[in-house]
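Written below as structure tokens is the structure these notes are about.
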Amino acid sequence: MDELTFRTANRADLSDILTLLADDVIGSTRETEQSDAGYWAAFEAIDADPRNELIVGESGGEVVSTCQLTFTPSLSRRGAERMTIEAVRVRSDQRGQGVGNAMMKWAIDRGRERGCSVAQLTTDKLRIDAHRFYAGLGFEATHEGFKMSI
């Protein structure tokens, strides 16, 4: 594997990010045409928001991973900020080579830099491999999550 680096995504990365989001069993059923204006609007909103960071991992000049970091102020834990890690994806030909591990460690370090006291994430109950991966990084399944499509 070439050197792996992480950075904030830019507009030119959007196509690669959308390809990563659609490159799994669950994502392939919910992601649509990349020309959808909703994706561009979402990218612009994330990019403009200082509490959100859309991250890409690059190797050999190509985007091989992505995640979104959201920083939320909270009254709990003595007013500590928490970081939510979302939309974690590694390109299928790069899985099992340490890319996801490196990206998650980078993300956790980013949370520490911002003074966060908690890193949290959710993952679909069907993603059994992801559950093992996150547990291996030290995440614990401490809560039951609920969602509702609206």
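The values are calculated or read from the model by the stated rules, or taken from the named source; none is laboratory data. Remember, it's a predicted structure, so these values are computed and weren't measured experimentally. With ideal geometry, Cβ positions are generated from the backbone for all residues, glycine too; neighbour counts draw on all protein chains shown. Heads up: the accessible areas ignore ligands, DNA and RNA and are worked out on the full protein's heavy atoms, side chains in. Shrake-Rupley method; radii C 1.70, N 1.55, O 1.52, S 1.80 Å.
Quick notes on this structure:
- Every helix of 4 or more DSSP H residues in the chain counts as -39500 (n - 2.57), and over all residues that averages to -10000 deg cm²/dmol at 222 nm.
- Counting DSSP beta bridges with both ends in the chain, the antiparallel % (nearest 5): 85 percent
- Per-residue SASA entry for Lys125, accessible area with 1.4 Å probe, Å² rounded to 10: 150 Å²
- Placing unit charges on the Cβ atoms of the charged side chains and taking the dipole of the chain about its Cα centre, the candidate lying farthest along the positive direction among Ser92, Val63, Ile108 is Ile108.
- Across the chain, the relative contact order, built from alpha-carbon pairs under 8 Å that are at least six residues apart, equals 19 percent.
- Placing Arg114, Arg78 in order of accessible area, with the largest value first and a 1.4 Å probe, yields Arg78, Arg114.
- Dividing the Cα radius of gyration of the chain by its Kirkwood radius returns 0.94 for Rg/Rh.
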